[in-house]
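Bear in mind that the values in this text are calculations on the coordinates, not laboratory data. If you're wondering where the values come from, they're calculated on a predicted model, not measured in any experiment. Ideal geometry is used to build each Cβ from the backbone, glycine not excepted, and the neighbour counts take in all protein chains shown.
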Amino acid sequence: MIHAAELIRRKRDGEPLSSDELAELVLAYARGDVPDYQMAAFCMAVYFRGLNGNETFALTDAMIRSGETIELGAALGRKVVDKHSTGGVGDKTSLAVGPIVAACQVPFGKMSGRGLGHTGGTLDKLESIPGFRVELTTDEFLQQVREVGLAIIGQSANLVPADKLLYGLRDVTATVDNVSLIAASIMSKKIAAGADAIVLDVKVGDGAFMKTVEDARELAGMMLELGRHAGREVVCVLTDMDQPLGYAVGNALEIRETIATLKGEGPPDFTELVLGASAHLLALSDLGIDEEEGRDRAAAAVQDGTALATYERWIAAQGGDPREAALPMAPEVRQVLAPTKGFVRSIGATAVGMAALRLGAGRQTKDDAIDHAVGIRCLMKRGDAVAAGEVLAEVHACDDESAKQAEAEVLVAYELADEAPAARPIVLETIA
């Protein structure tokens, strides 16, 4: 029988736990044999004391073993790729990368999550598409990846249930922001979902969990080790989240921006990240090409229309209406005007994300309903020159009152200066 209190005490006092002890604790929690209050105490002990490498491996492995696993590559007879982001404001990258990679004849299978707080969830964005189904059975998931080349679905209840329980607990006990716990949570899902090669987008800056490049490097290194330990090929890119990604923040607005990008008409920073991530995945695939060739093929898929056609086929396969005209539109659109001339020095990503959240684009508690039509479009980005009275951004709202509040919040998020700031690339580092 497990002695949870003893393991909590030892971790509290900074003592290491064996792999068997950690596995026993996690699996007992998943079975309901360890109560929430004890696991919450354990998470707090880990938050302050951390986990060493062996403990992090053991935690990840135990979470995988708590439920079913999917062997996508074995089932399809192909190397399957996946992409994951640690979460950011306006981050709709997977929605464009998936169709591009699939259009290049590489299967892309992803289980994704919902948003909480100011970082939007991929599933919430997809659910702004009328009719789109995020819940597929494992058999349906496999069949769609086989036939369409692409599926993005919600996490199965039977896939790493220990992580689902543990994340819910961490979210309400202020123990989310621990590198080992974040790495184990992400990689347990990625490994259990069965992709052979994974690109991990680790966001850095104001709108991200990782505020500094040093912290992001630490998380990336840990996830790389966990992936390799499980026999997966992993590449990490550290990307800028000091301003919103692209123009659009909000569910249907981000789907529109995804469609524009697949037509070759997307924002420069978002387009660069999408093509770069696609190039990495194609180089990791079984096509036998390098990253440069991968980027050329990704760009060609956008140019010749096959990426957009693959997107439409994917959305229809999951029951959705792929037409842009089918997406909901907010009844109130208000422009945010520049008070003076100058250059955009910065746009607070968190401030814009929170403004979108209060409009109804996100949820503050897990039970909140989302308004898929509302959000913000940041039309001027860092380094852009603006004239007094020129439009900085648009607020898409459900009514005049919420539009006014968001307009004020977005205006405060913009900082103008007399000189343009130094250019900063979207991809800060690549770690492989």
| request: Report, in whole Å, the centroid distance computed from the Cα atoms of the stretch 176-228 and the stretch 370-412. | output: 31
| note | Taking Cα atoms, the helix 93-103 axis meets the longest principal axis of the chain at an angle in degrees (rounded to 10) of 90
| request: May I ask for the angle, rounded to the nearest 10°, between helix 161-171 and the longest principal axis of the chain, with both axes built from Cα atoms and the value confined to 0 to 90°? | output: 60
| said: So if I take the centroid of the Cα atoms in the stretch 20-36 and the same for the stretch 317-338, what is the distance between those two points in Å? | reply: 44
| remark: Expressed in angstrom and rounded, the centroid-to-centroid distance over alpha carbons for the stretch 251-273 and the stretch 283-297 is 22
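Within the chain, what's the longest stretch lacking GluC sites (Glu not before Pro) that sit in DSSP loops with no more than 15 other Cβ atoms inside 10 Å? Don't skip to the answer; put the middle values down first.
Details: sites that count: Glu71, Glu135, Glu265, Glu390, Glu419.
Within the chain, the longest run free of exposed GluC sites (Glu not before Pro) spans 136-264.
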| message | Output wanted: per-residue J couplings in Hz (rounded whole) for the stretch 235-250, from phi through Karplus 6.51 cos²θ - 1.76 cosθ + 1.60, θ = phi - 60°, x for Gly and Pro. | response | 10, 10, 10, 9, 10, 6, 10, 7, 9, x, 7, x, 9, 8, 10, x
| message | How big is the dipole moment of the chain about its Cα centre under a simple scheme where the beta carbon of each Lys and Arg is +1, that of each Asp and Glu is -1, and everything else is neutral? Debye, nearest 20, please. | response | 320
| Taking only Cα atoms, what is the 0 to 90° angle, nearest 10, from helix 251-262's long axis to the longest principal axis of the chain? | 80
| In debye to the nearest 20, how big a dipole does the stretch 1-48 give about its Cα centre with +1 on each Lys and Arg Cβ and -1 on each Asp and Glu Cβ? | 140
| field | Reachable lysines, given that their alpha-carbon falls under 25 Å from the alpha-carbon of Lys404 and they are not under 8 places away in the same chain | value | Lys125, Lys341, Lys381
| message | Students often get this wrong, so check it: of Lys110/Lys211; Lys189/Lys263; Lys110/Lys189; Lys83/Lys189; Lys189/Lys211; Lys164/Lys189, which have C-alpha atoms separated by over 20 Å? | response | Lys110/Lys211; Lys189/Lys263; Lys189/Lys211
| said: I want to verify a result. In a Gaussian network model of the chain, Cα cutoff 10 Å, which of these has the top mean-square fluctuation: Ser85, Ser112, Ser18? | reply: Ser18
| message | Tell me the Rg and the Dmax, in Å, that the Cα atoms of the chain produce. | response | 21.5, 70
| message | Order 377-386, 57-66 from most to least packed using the mean count of other Cβ atoms within 10 Å. | response | 57-66, 377-386
| query | Within straight cross-link reach of Lys11, meaning Cα distance under 12 Å, which aspartates and glutamates are found once same-chain residues fewer than 8 apart are removed? | reply | Glu21, Glu55
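To check you understand DSSP bridge types, tell me what percent of the beta bridges within the chain (both residues inside) are antiparallel, rounded to 5.
Numbers: 23 of 44 bridges.
Looking only at bridges with both residues in the chain, the antiparallel portion is about 50 percent.
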